[in-house]
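The values are calculated or read from the model by the stated rules, or taken from the named source; none is laboratory data. Keep in mind it's a predicted model, so treat the numbers as computed, not measured. Note that each Cβ is placed from the backbone with ideal geometry, even for glycine, and that neighbours are counted across all protein chains shown. With ligands, DNA and RNA removed, areas are computed over all heavy atoms of the protein, side chains included. Shrake-Rupley method; radii C 1.70, N 1.55, O 1.52, S 1.80 Å.
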Amino acid sequence: MIGASLHSETFVISRSGYSTVMDLSQLGLKCLLIPTPGQTEQEYLAGHLSKAKYILTQKQYDMNIREALDAQSTITPLFLSGQNNLRAIIQKALESQ
């Protein structure tokens, strides 16, 4: 997983595995997901979330990071809040350091 800051926001570039998607949904971050070629579940998940405008997706061999950064305003990140909110847990841990 790679993170880049742009305009004080974090933009994540990662594979589109189920566990990664669930972690990102707890963080509420905008992201570009790159399915591993031949991994049909990753391809399906990335396609489904992209159609719903939660994430951006590109094929591994056709990646264009600039295009993704420019298009990030077109998505609203999937954010599942609740008592297991990973973002809040990480923030609390950082504040206690």
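Considering region 45-82, the residues that are small (Gly, Ala, Ser) and under 22 Å from Ser19 (Cβ atoms) include one that is surrounded by the most Cβ atoms within 10 Å (Cβ to Cβ), namely Ala46.
Taking the condition modelled with pLDDT of 95 or more and not small (Gly, Ala, Ser), does Leu32 pass? Spell out the reasoning first.
On the way: modelled with pLDDT of 95 or more: yes; not small (Gly, Ala, Ser): yes.
Taking the combined requirement at face value, the residue satisfies it.
Picking from residues in region 21-45 that are of a type in the set (A, V, I, L, M) and part of a loop (DSSP other than H, G, I, E, B), the one that is farthest from Lys59 (Cα to Cα) is Leu29. Scanning region 32-44 for residues that are open to solvent by 30 Å² or more (accessible area, probe 1.4 Å) and either over 25 Å from Arg66 (Cβ atoms) or in contact with a helix residue (DSSP H, G or I) (Cβ under 8 Å, 6 or more places away or on another chain) (or both) gives Thr36, Pro37, Gly38, Gln39, Thr40, Glu41, Tyr44.
When each of Gln60, Gln83 is tested for being modelled with pLDDT of 90 or more and of a type outside the set (Lys, Arg), the lone residue that passes is Gln60.
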